[in-house]
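Below is one structure; the comments refer to it alone.
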């Protein structure tokens, strides 16, 4: 009989812990702290600690999705970054090979050397 009570109490504690964990992940929790080291009123070191615990869905809802864009955490991020680099290189190539309008080229060449505005 004594073992049954112990098992029952343990089962109840587990469900309470699960409920608490579910609430924390659903709502999120923020823990913040500052550590300052001073010597004769001169601040030598300051460490600011910010810790947020939440579910992925809650974090996305709050606008936090750094793990999607960071190439250290996502292979898709590297693809997006590579795509952006290629687009920028193509744009630079187009700009370098674009013809200069005749009016602006002649005005640039006619201006004195110290007063040329590109």
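Do we have any residue at all in segment 94-101 that's at pLDDT 65 or above and within 30 Å of residue 20 (Cα to Cα)? Looking for residues that are at pLDDT 65 or above and within 30 Å of residue 20 (Cα to Cα), one finds none in segment 94-101, hence no. If the condition is being without any contact (Cβ under 8 Å) to a residue 24 or more places away in the chain, in a loop (DSSP other than H, G, I, E, B) and either farther than 22 Å from residue 22 by Cβ or in contact with a helix residue (DSSP H, G or I) (Cβ under 8 Å, 6 or more places away or on another chain) (or both), then segment 48-76 contributes 63, 65, 70, 71, 72, 73, 74. What pairs can you find where one residue is in segment 12-37 and farther than 20 Å from residue 61 by Cα, the other is surrounded by 10 or more Cβ atoms within 10 Å (Cβ to Cβ) and modelled with pLDDT of 85 or more, and their Cβ atoms are less than 8 Å apart, with a gap of 6+ or different chains? Every condition considered, the pairs that remain are 34/46; 35/46; 36/46; 37/46.
The values are calculated or read from the model by the stated rules, or taken from the named source; none is laboratory data. Please read these numbers as outputs of a predicted model, since none were measured by experiment. In this analysis, Cβ positions are derived from the backbone assuming ideal geometry, glycine residues included, and neighbour counts consider all displayed protein chains.
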